[in-house]
Ligand code: BTN
């Protein structure tokens, strides 16, 4: 039990490991063996095979960043309310990072956290579905905190250190994240869907700005993000009219 935490359940059980392949994979193993308390956090300073979206890897230096997973039992309707879970986690992470920065922090659809055009955090949510409801979720969060340099070829990352030139205490940042994520999760459980959706759109990266996109078949086009539908589809206003995309069908360029 972590009594320093001002939360009801997120982070109250903090399972710390010296080294892990992936905190999401460890959460999967724990869920196969039993039922960890809701809000249990699986944490390591040394994740050596971090998993990202679309089968990508998540790399970062040891002891400098936050890599953790939260186990939740949302029991929300699937697929109807699935995207709301992505929204509230992004909102909690965005809000916490924004309190540390003087620049706008945005959510790039579906759930990357951006400082200007650079990614500071990635989120990987794995849901388990039973009877059209999300029975458990593994919410994996990676945040670049004190890392000052990144290798070439992994996109355009940034970190709190690069943005502010000051070092953050990782555990104190984790505590703040737990609190914010729990606050948004409770809004989801209370059914405050329109507030969640409005706040997500308020901070949506690229909304109403002309950007270039590429589809999986290689076609490049320009358009402006109109909104994200309740089912998570991205709608883009283009010269050919409004187009809708699923995650994996399109990339920002
Ligand atoms: C992405 O942007 O591609 C998602 C990255 C998610 C990385 C985090 S780090 C903690 C958790 N454990 C993993 O293996 N992945 C997530």
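What follows is calculated from the coordinates using simple rules that are stated; it is not laboratory data. Quick caveat: nothing in here was measured; it's all calculated off a predicted structure. For neighbour counting, all protein chains shown are included, and Cβ atoms are generated from backbone atoms with ideal geometry for every residue, glycine included.
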With only alpha-carbon pairs counted, each pair once and no self-pairs, how large is the Kirkwood hydrodynamic radius of the stretch 135-187 in angstroms?
13.2 Å
Using only alpha-carbon positions, what ratio does the radius of gyration of the stretch 134-247 give when scaled by 2.2 N^0.38 Å?
1.35
Would you mind ranking 51, 19, 94, 32 by Cβ crowding within 10 Å, fewest neighbours first?
32, 19, 51, 94
Ranking 28, 209 by Cβ neighbours within 10 Å, fewest first, what do you get?
209, 28
Based on DSSP H runs of at least 4 residues, each adding -39500 (n - 2.57), what is the mean residue ellipticity at 222 nm of the chain after dividing by all its residues, to the nearest 500 deg cm²/dmol?
-8000 deg cm²/dmol
Quick one: compute a quarter of the convex hull surface over the Cα atoms of the stretch 16-165 and quote it in nm².
9.0 nm²
For the chain, what D do you get in µm² per second when you plug the Kirkwood radius from alpha-carbon pairs into Stokes-Einstein at 20 °C and 1.002 mPa s?
115 µm²/s
Please work out the Cα center distance from the stretch 34-85 to the stretch 133-209, rounded to the nearest Å.
12 Å
State the volume of the convex hull built on the alpha-carbon positions of the stretch 40-96, expressed per residue in Å³ and rounded to an integer.
109 Å³
Using a 10 Å cut-off on Cβ atoms, rank the peptides 135-141, 244-250 from the highest mean neighbour count down.
135-141, 244-250
Sorted from fewest to most neighbouring beta carbons within 10 Å, what does the list 205, 185, 73 look like?
73, 205, 185
